[in-house]
Amino acid sequence: MVFMDNKINKNSYSESDIQILEGLEAVRKRPAMYIGSTDGRGLHQLIWEIVDNALDEKMSGFGEKITVTIHKDNSIRVQDNGRGIPPGKHVSGKSTPEVIFTVLHAGGKFDNNGGYKISSGLHGVGASVVNALSSWLELKIYRDGKIYQMRFEHGRVVKDIEVIGNTNKTGTEIWFKPDPKIFTQTEVNHATVSDRLQETAFILKNTEMVLIDERLSTVENYKYEEGILAYVEALCEGKNPMFPPVYFEGSVQGIEIEYAFEYVDDFYGEMLASFVNNIRTKDGGTHETGLKSGITRAFNDYARKYGLLKEKDKNLDGVDIREGLACVLSIRVPENMLQFEGQVKNKFGTAEVKPIIENFIYEKISYFLEENNPQATSLINKAIKARDVREASRKAREDARKVSKSIKVDRGVISKLTPAQSKNSELNELFLVEGDSAGGSAKQGRDRKFQAILSLRGKVLNTEKSDINSLLDNNELKTLIYAIGSDIGSKFDIDQVNFGKVIIMTDADMDGAHIQVLLITFFYRYMRELIEHGRLYVAMPPLYKVQKSTSKGVKFRYCWDDNELEEAKKEIGPGYSIVRFKGLGEMQSDQLWETTMNPKTRTLMQVTIDDATQAERRITTLMGNKAELRKRWIEQNIQFTLEDDFSVAGGKE
Ligand code: 0R9
């Protein structure tokens, strides 16, 4: 970007202005093309665009603190203490800020002076798109002893840049209000922003990220001198680490690599977060493949060298070596090596990076193992145990299939499965219902052709606290696994699943919420792909029915929350009565059908894994041993809108 400093231009409108307005108009017409969607995800994307610009300035070596404020009206203010956007004239004749905020840049970003640039993982469309999609946007620049201000509405300049005071600070402040005419969600999610800012602070060590939420009167401050080492420690919070976290860094062929890891002995999954140029790569990619191969090779070579694996033994599987591993890989590659794949660009695709990472990790892990023999031995024994357990569970699973008939007969002890008549596994639905009375209503209310009911007794086993063997001893889950039709863990096979939709249907109360979390944890942990394929749902039974008998018959309306209740009272008018459903069991079977089970009229929430590692952390909070954390979380989230970890893509079908 070329600009001339401090020569503010006051040109009148020209042809190029009209083109600009047309450009921003295009953004307003088809916002999803620029930010992916106009729901909560798109809304938050606006924040990331602006924060990323501030981070670019930090990465260029200027400023170290970024403050995000969520105001009561859900407008968002982002401040940095870098050099300040140059306020002067651009070669086009307009002021530089006007160009930045009104000219649509194909591909998005301004080039800054080389280096490893942040650019927003998903879209990287920049400030002009944020401006176009905001009701208003106000810019303040602190630079050269002066404060400059400029204001836009719906993308158009309404107040040209002017000096409004003096200052000894430098920096940029952008305050904007996402346009409610564009976005279907305008409420900013606190946890989404907080998690992202914290994650950024971990990845960019010594960057101070501040979140002020005026709606909640909270201030959070994230700054980590230890960077991803602190990240790994946070991933392991509430768990039992086997030794202090380990950190490596290095630079190979222009690629900067940072890796930190820790092992815990009371958790049986893996927690892996990877980043390329500070962009989270949720779907992995070549760097992650290289990392995994490097780890597997180093452990197997060590195990053979020291006789922990005998000649006749097969090599250890990567999944067994990674059981209980928490790790963060952050690499920075030059821009010409930056290639992302997948629909949402969450996967890193540059092939030549894989062997570079693999060899680097292999060397470093081998060195670590050689230098720490006792730890190395216990890690390898742990992996061998993981392999044995995996083998045992496979056998148990096969046995369970063989005795599946006796499972169904053993009705007094275990959950009850009422199958659907059809064998069409794409269309069939499995409802997981808590308790016998609700199970009864559901059984009567369902469409027996394609809806199966599994009624679970009491609270399902808390899967986080138990290992895979006691899991398989649990009758509720045994029946559930049997009903679903596929093996679990690494042997899960989506093609064996008997249902197109698995629907958790619980009472809309605290216990129901807890059971939902327990079941989602189970699926997250042992049948994650079911969630990834979008096949797990939560049913939404109504809370109230408002009704009134009239000469023409009964007028009624179901309500899912208190707002709807108020509306319904108004709509139905004086003389109404209200039924409050305390549980599914209290609903008549035809009511349950029409409100909650009938695909034509029901509302389902789809459970999606938006961010597996964050979900992992939440689940630890919920399921681990810290009862206090769990209680607080459930109380705060009683509506069960787990926006961030299991985001809820809902709506009438
Ligand atoms: C609050 C969010 N912050 C920003 O959006 C932001 C952009 C920005 C910036 C510069 C400094 N701070 C910033 N904050 C900047 C960049 C350059 C020179 N001086 C200041 C440069 O890139 O050479 N700019 C981002 C783009 C531009 N400035 C411009 F140069 F294109 F105008």
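Here, each number is a calculation from the coordinates, and none is a lab measurement. It should be emphasised that the depicted structure is a prediction, and the values quoted were computed from it without experimental measurement. Counting neighbours? That spans all protein chains shown, and the Cβs are built from the backbone with ideal geometry, glycine included.
If R0 is 51 Å, the Cβ-Cβ spacing of Lys310 and Ser217 corresponds to a FRET efficiency of close to 0.25. For Asp562, neighbours were defined as the other residues whose beta-carbon sits under 12 Å from its Cβ, and their charges (Lys and Arg +1, Asp and Glu -1) total -2. Applied to region 243-255, the Karplus parametrisation 6.51 cos²θ - 1.76 cosθ + 1.60 on θ = phi - 60° returns per-residue 3J(HN,Hα) values of 7, x, x, 10, 9, 10, 9, x, 9, 10, 6, x, 9 Hz, with x for Gly and Pro.
Taking region 486-600 as the region of interest, the number of lysine pairs whose Cα atoms are within less than 13 Å, with members eight or more places apart or on different chains, is 7. Scalar couplings 3J(HN,Hα) for region 367-373, obtained by applying the Karplus form with A = 6.51, B = -1.76, C = 1.60 to θ = phi - 60°, are 4, 4, 5, 4, 7, 10, 4 Hz; x denotes Gly and Pro.
The phi torsions of region 475-485, fed into the Karplus equation with coefficients 6.51, -1.76 and 1.60 and a -60° offset, translate into couplings of 5, 4, 6, 4, 5, 4, 4, 4, 5, 5, x Hz, rounded to whole numbers, with Gly and Pro shown as x. Near the amide H of Asn189, within less than 5 Å, lie no amide hydrogens of residues on another chain or at least 5 residues away, with H placed in the peptide plane. The label point for Ser378 and the one for Phe556, both projected 7 Å from the Cα toward the Cβ, are 6.2 nm apart.
With the Cα gyration tensor of region 349-394 giving a ≥ b ≥ c as the square roots of its eigenvalues, does the rule (a/c under 1.5 for rounded; else a/b larger than b/c for prolate; else oblate) give rounded, prolate or oblate?
The shape class here is oblate.
Arranged from fewest to most other beta-carbon atoms within 10 Å of their beta carbon, Phe581, Phe261 become Phe581, Phe261. Database remark: amide H of Trp136 closer than 5 angstrom to the amide H of His154, Lys177 (H placed geometrically; neighbours at sequence offset of 5 or more, or on other chains; Pro and chain starts carry no H).
Full extension of the chain segment joining Glu352 with Glu529 gains 60.9 nm, where the gain is 0.36 nm per residue of separation less the Cα-Cα distance. Once the Cβ-Cβ distance of Asp436 and Val579 is raised to the sixth power relative to R0 = 25 Å, the FRET efficiency obtained is 0.70. Loop-located GluC sites (Glu not before Pro) in region 116-216 (DSSP state not H, G, I, E or B) with no more than 16 neighbouring Cβ atoms inside 10 Å: Glu187, Glu214.
Could you tell me which of rounded, prolate or oblate describes region 201-352, using a ≥ b ≥ c as the square roots of the eigenvalues of the alpha-carbon gyration tensor, with rounded for a/c under 1.5 and, failing that, prolate when a/b is larger than b/c and oblate otherwise? Oblate.
Going by neighbour counts of Cβ atoms within 10 Å, the residues Asp447, Asp195 line up, fewest first, as Asp447, Asp195. Of interest is the spacing of the C-alpha centroids, which for region 227-297 and region 531-567 amounts to 46 Å. By definition, a body whose alpha carbon gyration tensor gives a ≥ b ≥ c is oblate when a/c is 1.5 or more and a/b is not larger than b/c, and region 495-546 fits this oblate description. Each Cα pair under 8 Å and six or more residues apart adds its sequence gap; the mean of these over the residue count of region 261-346 is a relative contact order of 52 percent. Calculated from the alpha-carbon coordinates, region 256-300 shows an Rg and a Dmax of 11.7, 32 Å respectively.
Over 19 Å apart at the Cα level, from the set Lys65/Lys223; Lys58/Lys89; Lys314/Lys382, are Lys58/Lys89. Neighbour counts of other Cβ atoms within 10 Å put Ser551, Ser422 in the fewest-to-most order Ser551, Ser422.
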